Amino acid sequence: MRRIISMLMENEPGALSRVIGLFSQRGYNIETLNVAPTNDPTLSRLTLTTVGSDLRIEQLTKQLNKLVDVVKLADLTEGAHIERDMMLIKVRASGAARHEIKRTTDIFRGQIVDVGPDIYTIQIIGTSEKLDAFVAAMSDADILEVVRSGVAGISRGEKVLSLEKRF
Amino acid sequence: MELLSGGEMIARALEDEGVEYIFGYPGGAVLHIYDALFKDCKVPHILVRHEQAATHAADGYARATGKTGVVLVTSGPGATNAITGIATAYMDSIPMVVLSGQVQSHLIGEDAFQETDMIGISRPIVKHSFMVKRTEDLPIMIKKAFLIASSGRPGPVVIDIPKDLTRPDAKYEYHYPETVKMRSYAPAQRGHTGQIKKAAKLLLAAKRPIIYAGGGVLLGDASEQLTQLARELNYPVTKTLMGLGAYPGSDRQCLGMLGMHGFYEANMAMHNSDCILAVGARFDDRVTNTVGKFCPGAKVIHIDIDPASISKIVMADIPIVGPVQSVLTEMLAQVALLREKDSSLPDKTALSLWWEQIEEWRAAHGLFTGRRFSESDMIMPQQVIQSLYRATKGDAYITSDVGQHQMFAAQYYPFDKPRRWINSGGLGTMGFGLPAAMGVKLAFPDMDVACVTGEGSIQMNIQELSTCTQYDSAIKIINLRNNNLGMVTQWQDMQYEGRYAMSTYEDSLPDFVKLVEAYGHVGIQVTNLADLDGAMDEAFSMKDKLVFLDVIIDPTEHVYPMHIAPNGAMKDMWLSKNERT
């Protein structure tokens, strides 16, 4: 089953390589990975998606929690959550295709963020599934480049991944 | 506040931490630190002949004493030579702090002379590591390193120190913190009381119980509590290779080691039990044989300080995360409470039937009751260990290398006390025994310390004979010499129709007696069984000498029992070359 695992990690050199290293060391796959600083400059937030059985994911989260640089960790897929992936996709847009691409982009609530005589660069934000669906819908178009941010996620409601206890 | 250079801070911090020995080897990147040690440091430094030996010596010291071993090596090759020893300590959860030199900060990443990415190379085999960025951070980093190495599930910690941060002319305020807190590091302080209650109930309801004790019992100093629990309940105890000594090996309730080369009675009892109390053990593949066939009728209670060890291989019915000592103490109290309420617990009839069954197994193929090895014209390796046991009255510190001799020592030297059996269990590092023995002997100079080895393993760190000369390390080396890589040839006999692919040396072995004499030690060769006990006694009578006993043994002997793999269960064993369960 696909899981979204999100963690707060010390903003220290080497912290990221410890997390990534654990995956290759213990034979897990990372499907997407997203890391960025938070409002607290000493912490980074890392979100990754991976696939595995419940047992395997439990073992993985235990191993991640053991890393000294990992301060707090949550499996977002255990509860209601919001996930967002962002994609920039550059396609050849000329002739009849130009209008069709614009229409498909509108249907997916995407935005064309760069325009050239023969080129559109489209930005789409949503779940990974939605992004996959957009790429599939563009299968007739000439896709030149695809770049995705990887999934970032957050729990719905009161549940918070932070250092303070809020309950 | 006092002003110190980075080098001086390291020297002082090691003093303040109460370090007894530094095992190391100098080089360019650590010369400022060495100069500070030379000028003013109360902690003696042991100069090894190869950095791998520094880590093994610190490791042996740590295993025997329970204190953190300390290693100091230079950058580049110094650091990479230490890697095998760090991995050895990591696999067996041994507390160790390794200080490695690094090239100057401004040269990092430029492929400078003797530069290597030590943090990167050591990452998968350390509990944690630190790269020092500012000299002022050294005291707190060292404090954190010792805290992490020695608490929770122990392990090695690396501190990588660029040379410029230790220069003598740059001085900063020094204060060594008493304690240190880390927001992201909090090992469990006690077990969950509800879980312990449940476990006590299950344990008392068992009809065919067994206690399976691992190295965690020794690391967590819980042998006393474990022994008390086993004795109060009259439950049988088996121990892993790493757990030998966790319960007295010569006691009636001890079934000996379990696993691939475990005792017949231990493996049979595990397979047939209905309740396993696993304490500080991790269901290693050398224990379980085929996991799918592991102990089919058993409920598992698993106590470990490391949550990731629980339900990793075998699902625990009752997991308990916590320090084994406090959990067992609480369990003893719970067991007493339950028995107060119901004095019929545990079921005496079932337990006596269980012991009858175990005694039957013992009588049939027990290591000490049956005749487990044949005798020949040559000395049998098992006889050497028996002779060693007799000469040392079972009270020595025994280190070992890796191979057949290691298994013979584990089987035929019953350890009655914790921390007496010092071997590389997880990584299986040949070359571990001699330097580890040096570390143990430094910690316990008045005790008998013997390294059981073979002609293969001993040559992997034989240069340390010189270190032993320098520091008058009066250890005894018992070389079980069969003139081939014994465990390799055993597997080649069993699985490759006796094709000894590159596992013999032809006539290339040195004259070990002359070799050790060249280093200033005593060498004795033994070829006849009649001379064995005499030679062994003579070796141990020379209290201030390193004695190398080169014992020529039967080269064809195999280690038995041996699990039948693949697809075998705990109960499936070879009992001799042509006898199986």
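Just a few scattered comments:
- Residues that are closer than 22 Å to A:GLY79 by Cβ and among the aromatic types (Phe, Trp, Tyr) within the range A:1-27 are absent altogether.
- Of the residues screened, B:GLY66 is not one that is in contact with a strand residue (DSSP E or B) (Cβ under 6 Å, 6 or more places away or on another chain) and either modelled with pLDDT of 95 or more or hydroxyl-bearing (Ser, Thr, Tyr) (or both).
- Of the candidates A:VAL91, A:VAL51, A:VAL70, A:VAL135, the single residue that is within 14 Å of chain B (Cβ to nearest Cβ) and in contact (Cβ under 8 Å) with a residue 40 or more places away in the chain is A:VAL70.
- Count of residues meeting criterion [assigned to a helix (DSSP H, G or I) and in contact with a helix residue (DSSP H, G or I) (Cβ under 8 Å, 6 or more places away or on another chain)] in the range B:508-523: 3
- Tabulated pairs, the range A:19-44, first within 14 Å of chain B (Cβ to nearest Cβ) and within 16 Å of A:ARG3 (Cα to Cα), second hydrophobic (A, V, I, L, M, F, W, C) and not in a loop (DSSP other than H, G, I, E, B), C-beta under 6 angstrom, 6+ apart or interchain: A:TYR28/A:LEU60
- A:LYS62 being more than 14 Å from every other protein chain (Cβ to nearest Cβ) and among the basic types (Lys, Arg): no
- Looking across the range B:534-576, the residues that are surrounded by fewer than 18 Cβ atoms within 10 Å (Cβ to Cβ) and either in a strand (DSSP E or B) or touching a His at 6+ places or on another chain (Cβ under 6 Å) (or both) come down to B:ILE552, B:LEU575, B:SER576.
- Some residue of the range B:161-180 being within 14 Å of another protein chain (Cβ to nearest Cβ), of a type outside the set (Ser, Thr, Tyr) and not in a helix (DSSP H, G or I): yes
- Count of the range B:92-126 residues, restricted to those that are assigned to a helix (DSSP H, G or I) and within 13 Å of chain A (Cβ to nearest Cβ), is 9.
- Scoring B:GLN386 on the criteria (1) of a type outside the set (Lys, Arg); (2) more than 17 Å from B:TYR61 (Cα to Cα); (3) crowded, with 20+ Cβ neighbours inside 10 Å leaves a single failure, condition (3).
- Enumeration of residues in the range B:131-153 that are buried (at least 24 other Cβ atoms within 10 Å of the Cβ) and within 13 Å of chain A (Cβ to nearest Cβ): B:ALA145, B:ILE148, B:ALA149
- In the range B:1-84, counting only strands (runs of 3 or more DSSP E) that sit wholly within it, the ones holding 1 or more residues that are among the aromatic types (Phe, Trp, Tyr) and within 25 Å of the chain's Cα centre (by Cα) span B:22-24.
- Unmet requirement for B:ASP160, which otherwise passes all of (1) over 26 Å from A:VAL71 (Cβ atoms); (2) in contact (Cβ under 8 Å) with a residue 12 or more places away in the chain: (1)
- Any hit, the range A:141-159, residues being in contact (Cβ under 8 Å) with a residue 40 or more places away in the chain, in a loop (DSSP other than H, G, I, E, B), within 14 Å of another protein chain (Cβ to nearest Cβ) and in contact with a His (Cβ under 9 Å, 6 or more places away or on another chain): no
- The number of residues in the range B:299-317 that are crowded, with 21+ Cβ neighbours inside 10 Å and more than 14 Å from every other protein chain (Cβ to nearest Cβ) comes to 3.
The values are calculated or read from the model by the stated rules, or taken from the named source; none is laboratory data. The shown structure was predicted, so the numbers you read here are calculated from the model rather than taken from an experiment. For neighbour counting, all protein chains shown are included, and Cβ atoms are generated from backbone atoms with ideal geometry for every residue, glycine included.
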